[in-house]
Every structure is written in C-alpha cells, then in structure tokens.
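Engineer: Starting off with a structure, shown below.
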Amino acid sequence: MPTISNKGIAMPQSPIRKLVPYAEDAKKRGTKVFHLNIGQPDIKTPKVALDAIKNNDIEVLAYSRSEGSEEYRTKIAAYYAKNDIHVSATDIIVTTGGSEALLFTFGSIMDAGDEVIIPEPFYANYNGFSTASGVKVVPVISKMEDNFALPPIEEFEKLISPKTKAILICNPGNPTGYLYSKEEIQKLAAIVKKHDLFLIADEVYREFAYDGLTHYSVMQEAGLEENAIVIDSVSKRYSMCGARIGCIVSKNKDFMATALKFAQARLSPPTYAQIASEAALETPQSYFDDVIEEYVERRNTLVSELQRIDGVRVANPKGAFYCIAELPVESADDFAQWLLEKFDLNGKTIMVAPAAGFYSTPGIGLNQVRIAYVLNKEDLITAVTILKEALKVYNA
Ligand SMILES: Cc1ncc(COP(=O)(O)O)c(C=O)c1O
C-alpha cells in the first residue's frame, strides 16, 4: 500500500470548511443555512472588472510573466502610491491569491524547523501554510478583553529563538477585526530590526478600516525596507475571491529574487484574472465608500444584537468583516455541529466557525466562534435570533 507523507497527515483541516458536510445535509433536509462561517462577501464585483473579461477578444489564452504582467504591476504600484505606500513594479510579484503569496513567502525565508511568531487567534490557514513548509508556528496570545490588540512587545521578545525567522501579523485582523495602530507597527518594526527578522504583514483587508481609523502599512515605516513583506489580494477588496489574484510586495531584493524562483516554478498567475484585476483598479472611490458604510452598519447591528444575548461576550472589530464572540457553551465545536445537525428555527439555522482552529495553543478559544458579517442586515438580525434561541435549547 503506498503511504501518505507525515506532512500530509499533519496538514490541518480548515476549521472554516470542516462543517460543510453537516451544512450540506441540513440543506438537503430543506433547512435554510445562514453562512456566518466564511469570508465570502455578498457585495457585487465592480462592473469594470467583469466588463474587462466580457469585452475581451483574446484568441490565445497565453501564460503571463511569472511575476505578473508589467502593465498590471505598474498599475498596482500606482494604487499603493495612492495609499501612501511607495513601491515600484519590480517590488511586486503577482500571485494566485494571497494564499500563494503566503506559501512563496514562507518557502523563500524559512527552512524546515524554522519558527514564525504569530499573534493568535490568527487566520487558520497560516497553520496549513506552515505545515506545508515544515515551519513551526509560535503563538503569542492576544486577548478578547484587550479587543485583541498587539500583545506586549516583551511577550514577542521572550519567544524569539535562534530559529525565529519572522513575525507574521494580519492587519486588519481575520478573525479578530483588530486594526493595529501606527505605534503598534512601530514597536514591531523595532523588534524585527533588533533581531534581524522579517515582518510579514497580511494586509488583504487594508480598505476595511472603520470609525475614521486609517490603516498603517508596514511598507510605510521608514527603515524597514529589508524586513517588511506585504501579502495582498484582490479577493476581499473587490469581492473577487474567485479571481485568485494576489501579490507579494517587498523592497528586499534577495527575498524578491527568491520568491520569483517559486513563481517561475508555477509558470504564471492566471491571465484572465489579471485582466479583471487590472481593470478593478479603476473602481471608483464611491464603490468603496458604499461598501465601508454597509460593513459598518452590519458590524454595528451584529455587535449590538450579540451583546443583548445573556452570556455572550463580543470584541468590537475596527476592521475586516469578522468578529470573535464568546458563547455560554463549553465546546463551540460541538455547538456549531449541533446547530447544523439538530437545530432549526422555523426551518432556518446558522453556520459559524468554531474559533479553536484560529489558535495554535491547545485549549484556548474553545467557547469562541468567529462570525463573518458578510450578510445583509435583515439576515444578520435573523441569524442572531437563531443563535439566541439555539443557545436556550442547547443549554436547557
Ligand atoms: C487574512 C487572510 N489572508 C489571506 C487570505 C487568502 O485570500 P486569497 O487567497 O483569496 O487571496 C484570506 C482569505 O480569506 C484571509 O482572510
């Protein structure tokens, strides 16, 4: 019998997707399932992006350059300039989603056994990318009572070992919704410079910053040119998750030359999707203004509705479109499965992502769930009503 690799066996299941079979069964029984578990926005993709595909008369769907088309990268650089991030096309490699950008980054800077420090809870697939690269995740706990702010910098310092190669942050955070301040980024900048580490910032939710706060990128921090790596994506910005386009941005020439070798091995990012993503850069500001206004209303609705349920605690997200909620249950895993298998309110139920999979320290976050507020307000109110009634029945 041929055998599977140890790495393959160690690959974690996605906590966001592992309950999918139960949701499918619930749907087959005729139950409507509200998906609060996954960051698939219901917002329309900008028309300019879709039109660029429709109105195309390409006759040969050829490979593009491994680092992405020059024209597209030049326009991405102009987009960054508008965000006060000053880079050139050569500082950018276009990838197949932010996911591939993360894989290439891990592959380029870390060997098997090396360590990356990540504030937890963190985007669960960081575990998957680390396992695939043989890299060890060293978590530093951020707390709900602090709204998941950056843990004290001494906590990072304690964890730095000869094997540490990088600190990875997600800003604004999935699953926490926390937006790091300029001061927090500067604390991280000082520590990575002191210890010669990379600072990888996953900024795929850059535009999703609320309450008048502005996003501060690691690329804006002077003196961090050799350390900073940004992971980016069109998935959330333009509601183009299926395009599969992202990029790596860094001024570190050795790192970029190495990442390019990974990019060359997979030949090219998808051609059609680059055309759509290039056109998406023409999206008018009014699109983003409307989207942000909509998400702020959704967040306010979700947080205030959740706060009205006895025993539920919720952090107040300042960005992205997720929040972590603590529920009056022992196992959010069990509760989430039960919601799909055993519960409905007038033929409707909800799917949430148990939060334990967003931590790598065993035993924490067991009573927490991540909720994505990617539904319209009425559906969100219905979903929270279902949660409230379900908790009564589950805990009876
Ligand atoms: C924080 C974060 N990083 C990266 C990704 C990967 O996105 P994609 O590969 O669609 O660009 C996601 C997707 O949900 C995410 O939430």
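The values are calculated or read from the model by the stated rules, or taken from the named source; none is laboratory data. As the structure is a prediction and not an experimental result, all values here were calculated from the model. Because the Cβ atoms are built from the backbone with ideal geometry, glycine has one as well, and the counts that use them run over all protein chains shown.
Engineer: If a residue must be under 26 Å from Val249 (Cα atoms), hydrophobic (A, V, I, L, M, F, W, C) and under 25 Å from the mean Cα position of the chain (by Cα), how many such residues does region 39-76 contain?
Structural biologist: Residues that pass the stated criteria total 4.
Engineer: Output the number of residues of region 74-93 satisfying the condition of being under 16 Å from Ala243 (Cβ atoms) and touching a strand residue (DSSP E or B) at 6+ places or on another chain (Cβ under 8 Å).
Structural biologist: Counting residues in region 74-93 that are under 16 Å from Ala243 (Cβ atoms) and touching a strand residue (DSSP E or B) at 6+ places or on another chain (Cβ under 8 Å) gives 1.
Engineer: Restricting to region 239-252, name every residue that is more than 11 Å from the ligand (Cβ to nearest atom) and in contact with a Phe, Trp or Tyr (Cβ under 9 Å, 6 or more places away or on another chain).
Structural biologist: Ile248, Val249, Ser250, Asn252
Engineer: Could you tell me which numbered condition Ile58 fails, if it satisfies all but one of (1) modelled with pLDDT under 95; (2) under 26 Å from Phe129 (Cβ atoms)?
Structural biologist: With (1) modelled with pLDDT under 95; (2) under 26 Å from Phe129 (Cβ atoms) applied to Ile58, the lone miss is (2).
Engineer: Can you tell me which residues in region 1-31 are more than 15 Å from Gly347 (Cβ to Cβ), surrounded by 14 or more Cβ atoms within 10 Å (Cβ to Cβ) and among the β-branched types (Val, Ile, Thr)?
Structural biologist: Answer for region 1-31, where residues must be more than 15 Å from Gly347 (Cβ to Cβ), surrounded by 14 or more Cβ atoms within 10 Å (Cβ to Cβ) and among the β-branched types (Val, Ile, Thr): Ile16, Val20.
Engineer: Name the residues in region 232-265 that are among the aromatic types (Phe, Trp, Tyr) and either assigned to a helix (DSSP H, G or I) or without any contact (Cβ under 8 Å) to a residue 24 or more places away in the chain (or both), would you?
Structural biologist: Scanning region 232-265 gives Phe255, Phe262.
Engineer: Looking at region 107-144 only, could you name the residues that are of a type in the set (A, V, I, L, M), outside any loop (DSSP other than H, G, I, E, B) and either more than 19 Å from Leu188 (Cα to Cα) or more than 13 Å from the ligand (Cβ to nearest atom) (or both)? Lay out the reasoning, then the answer.
Structural biologist: Within region 107-144, the subset of a type in the set (A, V, I, L, M) is 109-110, 112, 116-118, 124, 132, 135, 137-138, 140-141, 144.
Cutting the leftovers down to outside any loop (DSSP other than H, G, I, E, B) gives us 109, 116-118, 132, 137-138, 140-141, 144.
If the condition is that a residue be of a type in the set (A, V, I, L, M), outside any loop (DSSP other than H, G, I, E, B) and either more than 19 Å from Leu188 (Cα to Cα) or more than 13 Å from the ligand (Cβ to nearest atom) (or both), then Ile109, Val116, Ile117, Ala132, Val137, Val138, Val140, Ile141, Met144 are the ones that fit.
Engineer: When region 196-212 is examined, which residues are found to be within 14 Å of Glu184 (Cα to Cα) and either more than 15 Å from the chain's Cα centre (by Cα) or of a type in the set (Phe, Trp, Tyr) (or both)?
Structural biologist: The answer is Leu199, and nothing else.
Engineer: Which count do you get for residues in region 81-138 that are aliphatic (A, V, I, L, M) and within 19 Å of Ser233 (Cα to Cα)?
Structural biologist: Going through region 81-138, the residues aliphatic (A, V, I, L, M) turn out to be 81, 85, 87, 89, 92-94, 101-103, 109-110, 112, 116-118, 124, 132, 135, 137-138.
Then keep just the ones that are within 19 Å of Ser233 (Cα to Cα); that gives 81, 85, 87, 89, 92-94, 101-103, 124.
Number of matching residues: 11.
Engineer: I'd like to know if region 148-156 contains one or more residues that are surrounded by 16 or more Cβ atoms within 10 Å (Cβ to Cβ), in contact (Cβ under 8 Å) with a residue 40 or more places away in the chain and either aromatic (Phe, Trp, Tyr) or closer than 25 Å to Ile364 by Cα (or both).
Structural biologist: There is at least one residue in region 148-156 that is surrounded by 16 or more Cβ atoms within 10 Å (Cβ to Cβ), in contact (Cβ under 8 Å) with a residue 40 or more places away in the chain and either aromatic (Phe, Trp, Tyr) or closer than 25 Å to Ile364 by Cα (or both).
Engineer: Return yes when Gly177 is within 16 Å of the ligand (Cβ to nearest atom) and not in a loop (DSSP other than H, G, I, E, B) and no when it is not.
Structural biologist: The answer is no for Gly177.
Engineer: Return the total of residues in region 285-309 being without any contact (Cβ under 8 Å) to a residue 40 or more places away in the chain and over 20 Å from Glu378 (Cβ atoms).
Structural biologist: Adding up the residues that qualify gives 3.
Engineer: Which number in (1) surrounded by 17 or more Cβ atoms within 10 Å (Cβ to Cβ); (2) among the hydroxyl-bearing types (Ser, Thr, Tyr); (3) within 30 Å of Ala112 (Cβ to Cβ) marks the one condition that Tyr80 misses?
Structural biologist: (3)
Engineer: Considering region 301-312 alone, what residues qualify as being closer than 26 Å to Asp202 by Cβ and over 22 Å from the mean Cα position of the chain (by Cα)?
Structural biologist: Leu306
Engineer: Of the conditions (1) within 24 Å of the chain's Cα centre (by Cα); (2) without any contact (Cβ under 8 Å) to a residue 40 or more places away in the chain, Thr3 satisfies every one except a single condition; which number is it?
Structural biologist: (1)
Engineer: I've got another one for you. Does at least one position in region 186-195 carry a residue that is within 13 Å of the ligand (Cβ to nearest atom) and either within 18 Å of Pro119 (Cα to Cα) or not in a loop (DSSP other than H, G, I, E, B) (or both)?
Structural biologist: Start the filter on region 186-195 by keeping residues that are within 13 Å of the ligand (Cβ to nearest atom), which leaves none.
Within region 186-195 (the criterion being within 13 Å of the ligand (Cβ to nearest atom) and either within 18 Å of Pro119 (Cα to Cα) or not in a loop (DSSP other than H, G, I, E, B) (or both)), the answer is no, since none of the residues qualifies.
Engineer: Considering only region 353-383, state which residues are in a helix (DSSP H, G or I) and under 14 Å from Phe122 (Cα atoms). Spell out the reasoning first.
Structural biologist: First pass over region 353-383, keeping only residues in a helix (DSSP H, G or I): 355-358, 377-383.
Correct list: Ala355, Ala356, Gly357, Phe358.
Engineer: Being more than 16 Å from the ligand (Cβ to nearest atom), aromatic (Phe, Trp, Tyr) and surrounded by 12 or more Cβ atoms within 10 Å (Cβ to Cβ) narrows it down to one of Phe34, Phe104, so name that one.
Structural biologist: Matching residue, one of Phe34, Phe104: Phe34.
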